[in-house]
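Got a structure for you, written out below as structure tokens; questions coming shortly.
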Amino acid sequence: MQTIRWGIAGLGKIAGKFAEGLTQVPGAQLVAVASRSAERAAAFAAQYQVPQAYHSFAALAQDPAVDVVYIAAPHTDHHPLSVLMMQHGKAVLCEKPLAIHLGQVEEMITTAQAQQVYFMEALWTKFLPQFTRLQQLVQQQAIGQIRSVHAQFAFVPPFLPDRRVLNKALGGGALLDIGLYPILLANSLLGPPDELLANAQFGPTGVDEQCNMLFHYANGATAVLSCAFAYTGAVEATIYGTDGYLHLHHPWHGLCPALSWYNGQRELMEKIHFAHHGNGYQHEAEAVGHDLRAGRLQNAVVSHEFSRQLMATLDRVRLAAGIQYEQ
Ligand SMILES: NC(=O)c1ccc[n+]([C@@H]2O[C@H](COP(=O)([O-])OP(=O)(O)OC[C@H]3O[C@@H](n4cnc5c(N)ncnc54)[C@H](OP(=O)(O)O)[C@@H]3O)[C@@H](O)[C@H]2O)c1
């Protein structure tokens, strides 16, 4: 099996989880990491036994020993770092949200096409077992026709105004950080909405701390979605159909323990339990490896078009809710 040689750009919290996830992927090797700081690069490389540590993203882009770079920097750096890597012929797996707005996403996709390199948004949720099972049940008409998707993601982050989560200059705020998950669920099941309403409340650092969304579809279906940094809530989702409903238990977007299937009389038909191995980040990395070995330039589950529509929906929610970023 061809070894896929990985690099990581930006060595914060998620980079560590991804590095751990990679250890579970057959035929994957983490060969280089890059940080803005030489000390952090060296410490990360020592922790995960990575042979090469750079304190420059350009040096990582130029390393011929790297096939694919995972971009794990704050949202605002996704666009410039992905473009830099792709211009040097690297495949890219970029963290969510792919960028701050659709214009940047279009440029990233154009760069991938011009350079003929692989490019994918790291939507790990779409590769987790509960997501595949959910889609199978929907396709089998287990709940008839979908009429409404209800999903939320809410937690209270520590008040650290300079860190990316609450920092407007780094694309902080609930919508792009966690509101993206309920939207990706609705978009996966119903496609992008025909109409939407949204409102937001803002916190002391100026970022959105709560955003409530109501999506309408031409066939009469709806989605009721929310995200918040202002309170802690169960990260659950329920999909209501004409003949029953499917409930994804907390945390539905991650290591979800179970999916409950109810019929139209609210009787439990089946509770499907998921046995997760590893931290869950290995699945998206494995998918990238399969694609690269097969010579594909994009992934079938998280296609360029899916990411484009996701960002377009985020832009529409922003506009409706009055959420602004500096880019
Ligand atoms: N898929 C998921 O489950 C998941 C979970 C969490 C986060 N994420 C996404 O991953 C990205 C990173 O999140 P995180 O929680 O890992 O953030 P984080 O802990 O703040 O780490 C981000 C890293 O990016 C680097 N960086 C590059 N330019 C930067 C800048 N201008 N300001 C600050 N840091 C900069 C820093 O590493 P160096 O100092 O080494 O350069 C920093 O440690 C976000 O876009 C987020 O949406 C995804």
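Any idea what the dipole of region 4-123 comes to, in debye rounded to 20, about its Cα centre with Lys/Arg Cβ at +1 and Asp/Glu Cβ at -1?
Using only the charged Cβ atoms, the result is roughly 220 debye.
Continuing with this model, one more query. May I ask you to evaluate 6.51 cos²θ - 1.76 cosθ + 1.60, the Karplus curve with θ = phi - 60°, for each residue of region 31-41 and list the ³J(HN,Hα) values in order in whole Hz, giving x for glycine and proline?
After applying 6.51 cos²θ - 1.76 cosθ + 1.60, I find 9, 7, 9, 9, 9, 6, 10, 4, 5, 5, 4 Hz.
For region 27-67 and region 221-254, what is the separation of their C-alpha centers, rounded to whole Å?
With region 27-67 and region 221-254 each reduced to a Cα centre, they are spaced 38 Å.
Quick one: Karplus J couplings for region 80-92, per residue in order, coefficients 6.51, -1.76, 1.60, θ = phi - 60°, nearest Hz, x for Gly and Pro?
x, 6, 5, 4, 4, 5, 5, 5, 9, x, 8, 5, 9
Could you tell me the relative contact order of the chain? Use alpha-carbon pairs under 8 Å, at least six residues apart, and round to a whole percent.
In percent, rounded to a whole number, it is 19.
Next question, about the same structure. Mean separation of Cα pairs under 8 Å and 6+ residues apart, divided by the residue count of region 56-177: what relative contact order is that in percent?
Normalised by residue count, the contact order of region 56-177 is 21 percent.
Let me ask another. Take F57, F159, F202, F44 and sort them by solvent-accessible surface of the protein heavy atoms, 1.4 Å probe, largest at the top.
Most to least solvent-accessible, the answer reads F159, F202, F57, F44.
Amide H to amide H under 5 Å from V92: which residues, 5+ apart in sequence or cross-chain, H placed 1.01 Å off N in plane?
V69, Y118, F119, M120
Tell me which residues come under 5 Å, amide H to amide H, from M269 once H is placed; ignore anything under 5 positions away on its chain.
W261, Y262, N263
Sticking with this structure for a sec: Return one number: the angle in degrees, 0 to 90 and rounded to the nearest 10, between the long axis of the Cα atoms of helix 129-139 and the longest principal axis of the Cα atoms of the chain.
40 degrees
A further question follows. Lys/Arg Cβ at +1, Asp/Glu Cβ at -1, dipole of region 226-289 taken about the Cα centre: which of A287, H253, A230 is farthest positive-ward?
A230
Report the antiparallel proportion of the DSSP beta bridges in the chain as a percent, rounded to a multiple of 5.
For the chain, the DSSP antiparallel bridge percentage is about 55.
Add -39500 (n - 2.57) for each DSSP H run of 4 or more in the chain, then divide by its residues: what number comes out at 222 nm, to the nearest 500 deg cm²/dmol?
-9500 deg cm²/dmol
Considering only Q115, P157, F131, whose Cα is most displaced toward the positive end of the charge dipole of region 74-183, charges sitting on Cβ of Lys, Arg (+1) and Asp, Glu (-1)?
F131
Normalized C-alpha radius of gyration of region 4-123, against 2.2 N^0.38 Å?
Working it through for region 4-123, the quotient is 0.97.
³J(HN,Hα) across region 169-186 via Karplus (A = 6.51, B = -1.76, C = 1.60, θ = phi - 60°), whole Hz, x for Gly/Pro?
Per-residue couplings from phi come out as 5, 9, x, x, x, 6, 4, 6, 7, 10, x, 4, 5, x, 5, 5, 5, 4 Hz.
Here's something else I'd like to know. Pull out the extension gain between E305 and A59, defined as 0.36 nm times the separation in residues minus the alpha carbon to alpha carbon distance; nm, one decimal.
85.5 nm
Next up: What is the dipole size for the chain, taken about its Cα centre, with +1 at each Lys and Arg Cβ and -1 at each Asp and Glu Cβ, in debye to the nearest 20?
That gives a dipole near 320 debye.
How high is the relative contact order of region 4-123? Use alpha-carbon pairs under 8 Å, at least six apart in sequence, and give a whole percent.
23 percent
Give the long-range amide H neighbours of L30: residues separated by 5 or more places, or on another chain, with amide H under 5 Å away, using H modelled in the peptide plane at 1.01 Å from N.
Residues meeting the criterion, in which the H sits 1.01 Å from N, are W6.
Restricting to DSSP loop positions (anything but H, G, I, E, B) with no more than 12 other Cβ atoms inside 10 Å of their own Cβ, which trypsin sites (Lys or Arg not before Pro) remain in region 259-319?
R266
Along each of its three principal axes, how wide is the spread of alpha-carbon positions in region 248-327, in whole angstrom units, largest first?
Each principal axis gives a Cα extent; for region 248-327 these are 47, 42, 23 Å.
Let's test this: bin the Cα-Cα distances of the chain at 20 Å from zero up to the farthest pair and state each bin's percent.
32, 59, 10, 0
In the chain, once you exclude exposed GluC sites (Glu not before Pro) (DSSP loop, at most 11 other Cβ within 10 angstrom), what's the longest stretch remaining?
Answer - 1-266.
Okay, moving on. Calculate how steeply helix 13-22 sits against the longest principal axis of the alpha-carbon atoms of the chain, using the helix alpha-carbon long axis, and give the answer as 0 to 90 degrees to the nearest 10.
Once rounded, the angle reads 80 degrees.
The values are calculated or read from the model by the stated rules, or taken from the named source; none is laboratory data. This is a predicted model, so every value here is computed, not measured. With ideal geometry, Cβ positions are generated from the backbone for all residues, glycine too; neighbour counts draw on all protein chains shown. Just the protein is used for accessible areas: all its heavy atoms, side chains included, with ligands, DNA and RNA removed. Shrake-Rupley method; radii C 1.70, N 1.55, O 1.52, S 1.80 Å.
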